[in-house]
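The values are calculated or read from the model by the stated rules, or taken from the named source; none is laboratory data. Quantities reported herein were computed from a predicted structural model and do not represent experimental measurements. Please note: Cβ atoms are built from the backbone with ideal geometry, for glycine as well, and neighbour counts cover all protein chains shown. Protein only, heavy atoms only, side chains kept; ligands, DNA and RNA dropped before computing areas. Shrake-Rupley method; radii C 1.70, N 1.55, O 1.52, S 1.80 Å.
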Amino acid sequence: MSETPNSMDRRIKKSKAAMKDALIHLMQKHPFKEISITDIVERADLNRGTFYRHYQYKEDLFNEIINDVIQDLVTSFRKPYQGLKEFEVGLMPSSAITIFEHVHQHAQFYTLVVQSEASSNFQRMICDVLRDLSLQDLNQIFPQHINPELLASYQSHAIFGMIMEWIRQDFKHSPAYMAEELFKIIHYRPDNVVLKDEHSNHHSSL
């Protein structure tokens, strides 16, 4: 009895998911260059033929993991305004910010890549994706007196900076807490803040 297209598709997805999980698990214990395809398939409880039906090299598998994460990142970034004809940032509840839920869902991967030698390349990739999304989707709500490319770059690096700090703190805060803090930062206006120098009246003695 031959497989139906649906059952075959499910089997392929299951095999690929097993290999991706296996590679992430192995990378938590070994440098990527030391991991072999045999290591991956043995951890995934599959055979080498299954691997080669879908990938040529282990780098192809890793790149597909990154692409999966990037696509999910794009979906989570767009979720607050997807399908809306008009979008007002000021009326957006913090619960609409789902990017931290995305990071938490892929916590093992983010932690792994940020702490590895691939950190700088991955950071640049994520920041570029966030920057391009802002320029493509949110350019109309940028202040007209600010350079949009610089603003989008500033925002993308700021968000990734929060993600990096969250990872360094071992995700001690919930995604909802991180979204609330980002919400506060977005609405923070330091225009009337006066900074006092507490050391101005102190004199050092020789």
- Item | Near pairs, Cβ below 6 angstrom, 6+ apart or cross-chain, from segment 55-84 (over 11 Å from V129 (Cβ atoms) and among the aliphatic types (A, V, I, L, M)) to any residue that is assigned to a loop (DSSP other than H, G, I, E, B) and open to solvent by less than 30 Å² (accessible area, probe 1.4 Å) | L61/Y55
- Query: So which pairs qualify, if the first residue must be in segment 4-27 and modelled with pLDDT of 90 or more, the second must be of a type in the set (S, T, N, Q) and surrounded by 13 or more Cβ atoms within 10 Å (Cβ to Cβ), the Cβ gap must be under 6 Å, and the two must be at least 6 apart or on different chains?
  - Reply: S15/T50; I24/Q108
- Can you tell me which residue in segment 15-65 is nearest to Q115 (Cα to Cα), limited to those that are among the hydroxyl-bearing types (S, T, Y) and part of a loop (DSSP other than H, G, I, E, B)? S36
- Task: May I ask you to list the residues in segment 18-49 that are hydroxyl-bearing (S, T, Y) and crowded, with 18+ Cβ neighbours inside 10 Å?
- Result: none
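Just to confirm my filter: which helices (runs of 4 or more DSSP H) fall fully inside segment 91-155 and include at least 3 residues that are modelled with pLDDT of 90 or more, of a type outside the set (K, R) and open to solvent by 70 Å² or more (accessible area, probe 1.4 Å)?
So the answer is 99-105.
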- Item | Residue list for segment 50-78, filter: open to solvent by 90 Å² or more (accessible area, probe 1.4 Å) and farther than 30 Å from A96 by Cβ | Y52, R53, Q56, Y57
